[in-house]
Amino acid sequence: MFDNLPEEKRQKVLSAALDEFAEQGYASASTNRIVEKAEISKGLLFHYFRNKKGLYAYLLRHCMKVLGQEYEDVLPTTSSDVFERIKQLTVMKIHQMKHYPQEYDLLLKLARETDPELMAEYAQLTAELKGHFLGKFFAGLDHTLFRPGVDVQKALEIIMCTTEHYGNKYVAENTDADGRLHLDADKIGLELDEYASLLKNGLYT
């Protein structure tokens, strides 16, 4: 029903909710402030979403859809070299973080939630994203770059695990007490190149 609203009205509600949840986190977010900013009644808000958690879950999926669409648009234009593809998509993600700061603040806060239901929501979202995008990420990669005898699938698993570990490590070390991530694109690019160089020595011709 909410999706059938006029676009301007729908975006006003989503913008108000995003402002509130990204700034306050789930527990401290106020639906009173959301409806005041969105200029709708609380009864109407809960008619659309049933409760605060329903609104939050909808907003999370909306953010992932917006960010994921850009990923899908860029992916076909990236290199067939897995290391270059990772770097190109990382550059795109940094650009996204600067262009969509609230969306990423919301997702970073979700990753730090301790509420069991929200933790389950985060786990489900993460699993859905991996299932949707990993196959597309691997499509079109040039396997001839790997040394003869290398198990390419296992090599790709190692590369992806290393990249994921680096990303988690960077986020943990560069997120402040308010949950805001501080980005240094040059540092990220340099460190990715260092990891790539080490892995290429063992995997590439």
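Structure above, values below:
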item	result
Subset of the stretch 120-156 [small (G, A, S) and either touching a strand residue (DSSP E or B) at 6+ places or on another chain (Cβ under 7 Å) or in a helix (DSSP H, G or I) (or both)]	A120, A123, A127, G131, G135, A155
Positions within the stretch 18-65 being acidic (D, E) and either on the phi < 0 side of the Ramachandran plot or in a helix (DSSP H, G or I) (or both), in sequence order	D19, E20, E23, E36
Pairs, first within 23 Å of V74 (Cα to Cα) in the stretch 140-156, second outside any helix (DSSP H, G or I) and at pLDDT below 95, C-beta under 8 Å, six or more apart	L145/T205
Sole residue being within 18 Å of the chain's Cα centre (by Cα) and farther than 18 Å from Y71 by Cβ, chosen from T144, T163, T205, T175	T175
Among residues of the stretch 88-119, those that are among the hydroxyl-bearing types (S, T, Y) and over 12 Å from the mean Cα position of the chain (by Cα), counted	1
Residue that is farthest from D19 (Cα to Cα), among those in the stretch 76-119 that are outside any loop (DSSP other than H, G, I, E, B) and among the β-branched types (V, I, T)	V82
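Conditions tested, residue by residue: (1) touching a residue at least 24 places away in the same chain (Cβ under 8 Å); (2) in contact with a Ser or Thr (Cβ under 9 Å, 6 or more places away or on another chain); (3) within 30 Å of L203 (Cα to Cα).
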{"site": "N4", "(1), (2), (3)": "no, no, no"}
{"site": "L18", "(1), (2), (3)": "yes, no, no"}
{"site": "Q24", "(1), (2), (3)": "no, yes, no"}
{"site": "V35", "(1), (2), (3)": "no, yes, no"}
{"site": "L55", "(1), (2), (3)": "yes, yes, no"}
{"site": "M64", "(1), (2), (3)": "yes, no, no"}
{"site": "V82", "(1), (2), (3)": "yes, no, yes"}
{"site": "M92", "(1), (2), (3)": "no, yes, yes"}
{"site": "H99", "(1), (2), (3)": "no, no, no"}
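The values are calculated or read from the model by the stated rules, or taken from the named source; none is laboratory data. Here the structure is a predicted model, which means the values were calculated and not measured. FYI the Cβ positions are ideal-geometry reconstructions off the backbone, even for glycines, and counts take in every protein chain you see.
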